[in-house]
1. log10 I(q)/I(0), Debye, Cα-only the stretch 1-105, no solvent, q = 0.16, 0.20 Å⁻¹?
2. Just the number, please: Stokes-Einstein D of the stretch 60-111 in µm²/s, Kirkwood Rh from C-alpha pairs, 25 °C, 0.890 mPa s.
3. Among 216-222, 204-210, 86-92, how do they line up from the highest to the lowest mean number of other beta-carbon atoms within 10 Å?
4. State the percentage of accessible surface on the stretch 41-109 attributable to carbon and sulfur atoms; use a 1.4 Å probe and exclude ligands, DNA and RNA.
5. Please list, in order, the residues from the stretch 195-237 whose amide nitrogen is less than 11 Å from a point placed 7 Å along the Cα→Cβ vector of residue 175.
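The values are calculated or read from the model by the stated rules, or taken from the named source; none is laboratory data. The structure presented is a predicted model; accordingly, all values stated were derived computationally and were not measured. All Cβ positions, glycine included, derive from the backbone under ideal geometry; neighbour counts span all protein chains shown. Calculation scope for accessible area: heavy atoms of the full protein, side chains included, ligands and nucleic acids excluded. Shrake-Rupley method; radii C 1.70, N 1.55, O 1.52, S 1.80 Å.
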Amino acid sequence: MSSQERFELAPEHDTHHTGIALYDPTDGSILDANERLEAMFGYTTSQLRDLSVAEYTANTHPYSESEFQDRLQASAAGDPQKFTWRVKRADGVLIWVQLFASRRQFGGQSCVQAEIRDITEYYETYHRAELFWRLLRHNLRNEAAVILGYMDRIGAHAETEAIRDVVATVRERGENLGNMAESVKEIEEAVTDTETDCARRRATEAVREVVNDVTSDYPAAKVSIAERAEMWIDIDDAFTHALTHALENAIIHSDERAPTVDVEIGPSPNTGRVEICITDSNAEIPEEELAALFAPSETTNTSHGSGIGLFVMKWCAESLGGEISFETREPRGNAVYLYFPPKESPKTAA
């Protein structure tokens, strides 16, 4: 009995929308494939059996045939593999695929079953977005540096108070551009970095660390922290970015010499999620800022938001599986709510 006869996919695999292939881990050859894989690669199963991995791998792909076989052998040894590969179809078109490879048994014989998805559209969109973020950030930073440089030169020769006021205003706007470049970087990290490892932390401790960093930059501010219940969350830099912007907004928009901000941590009454509430006594957040944040398709040229810090808060919270909401307080002030999925305490999990 040939290896192809020993290793055959069940007929129902032809109804799947995912490409499936059975691989021989010793030489990387395909033993059987479903119809979806044939359509994806542009070869019949009989043709695929006679092809080496190198023959349907894009010439520009950095990984070698031996790397592919190493992945198969690791899967056959009981270590499932997930990796991205670039395939050269029969018609010469290059596509990106993602493979999930794991060991399978057929009549006492082992092979590797690979579930293969075409991710070309997602992959290329992701990298176009990545390029966009980097260009935007780079250009913002450079333009801000140019503006500030010229303002320094003009300010040094300003002869009247009116000119000095104009210089100060333009310089402030230039600094805002520079800060915007940093905010764009934070958003980029939140929406594109899917490989970041999260750390499990007690929510109050994580909040306190951010509060300490912020108040070191704003020593006049008074920030109180109250814990309604001990809760745990998984966090990364996105958490720090979101909470930092929320705290800084509450501080810098205050008209008090010693801004007062209250932070409360506890379970959300509705869902039990970790709720972090930041309250202030400032003027109400402009409606157009929130409209741009939550209903961007409804904004117009005369009604649009400019508070990029709010976008940082929103996208960073969402990158951690959470969300953000806002309320107006009576008689004055704002409440910003950050919600995150609750996690078990490491002690409980152990």
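1. -0.68, -1.12
2. Calculated translational D: 199 µm²/s.
3. Packing proxy ranking, top to bottom: 204-210, 86-92, 216-222.
4. Exposed carbon and sulfur together represent 44 percent of the surface.
5. What the label zone holds, given the 11 Å backbone N cut-off, is no residue at all.
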